[in-house]
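J.: Sending over a structure as structure tokens; questions will come in a sec.
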Amino acid sequence: MLVHWMRRLTVVFTAIMLTGCATVMNHGSQKVNISSLPIGAGVTIDSKPYGKTPVVAKLARGEHHQVVIELPGYKTYNLALTRKVSGWVWGNAIIGGVIGVVIDVATGNMYKLTPEQVMAELKTESAEQQQANLSDPNAVYVSIVLTPKPAWEKIGQLARDTTALKP
């Protein structure tokens, strides 16, 4: 009698373990490594700040995500993380059947995010782009250039104070 119950328990346990294979293998989130050259750029994912590069973001598998990497003086780097069907789902469909696939679909664990790593090589902005980004009307900006543009208006000039050098 005990052997009979042990067999039933083994069959039930095996059936539970085989259903939701991608759920067992993938869990609900995925870690995505995000880095940049130069390092120290701000990372925003889905409009939420995630820190500075390098950073590891733990993201939900069942959703698409928008990654924005920004550093002053550099062009903004945008990337969409997309979800693709994980290979574990196909094994689950064969072994776990309909119940396992339904669990994976319901939890979003049937997906993996791609790319799995983000490496942003940030490009510098041109002087015109940097100038266009200066939009605070109450701020004072100082630019040092070797050759001014003819259309610019001269409002002042720096001069060396030689009185501080004399003993």
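The values are calculated or read from the model by the stated rules, or taken from the named source; none is laboratory data. In this text the structure is predicted, and so the values were computed from the model without any measurement. FYI the Cβ positions are ideal-geometry reconstructions off the backbone, even for glycines, and counts take in every protein chain you see.
J.: Need at least 1 residues that are among the basic types (Lys, Arg) and modelled with pLDDT of 60 or more per element, so show me which strands (runs of 3 or more DSSP E) inside region 57-132 make the cut, counting only ones lying wholly within it. Full working, then the answer.
T.: Values: elements: 65-70, 77-85, 111-114, 117-121.
So the answer is 77-85, 111-114.
J.: Can you tell me which residue is modelled with the lowest pLDDT among those in region 8-31 that are surrounded by 15 or more Cβ atoms within 10 Å (Cβ to Cβ) and touching a Lys or Arg at 6+ places or on another chain (Cβ under 8 Å)? Steps first, please.
T.: Pass one, region 8-31, residues surrounded by 15 or more Cβ atoms within 10 Å (Cβ to Cβ): 18-26, 29-30.
This time we only want the ones that are touching a Lys or Arg at 6+ places or on another chain (Cβ under 8 Å), so: 26, 29-30.
Details: ASN26: 48, SER29: 84, GLN30: 89.
If we take residues in region 8-31 being surrounded by 15 or more Cβ atoms within 10 Å (Cβ to Cβ) and touching a Lys or Arg at 6+ places or on another chain (Cβ under 8 Å), then ASN26 is modelled with the lowest pLDDT.
J.: Ok, one more. Only one of VAL43, VAL67 is in contact with a strand residue (DSSP E or B) (Cβ under 8 Å, 6 or more places away or on another chain), free of Cβ contacts under 8 Å to residues at least 40 places away in the same chain and either over 14 Å from THR114 (Cα atoms) or surrounded by 15 or more Cβ atoms within 10 Å (Cβ to Cβ) (or both). Can you tell me which?
T.: VAL43
J.: How many residues are among the β-branched types (Val, Ile, Thr) and closer than 18 Å to THR124 by Cβ when one looks only at region 35-74?
T.: Total meeting the criteria: 4.
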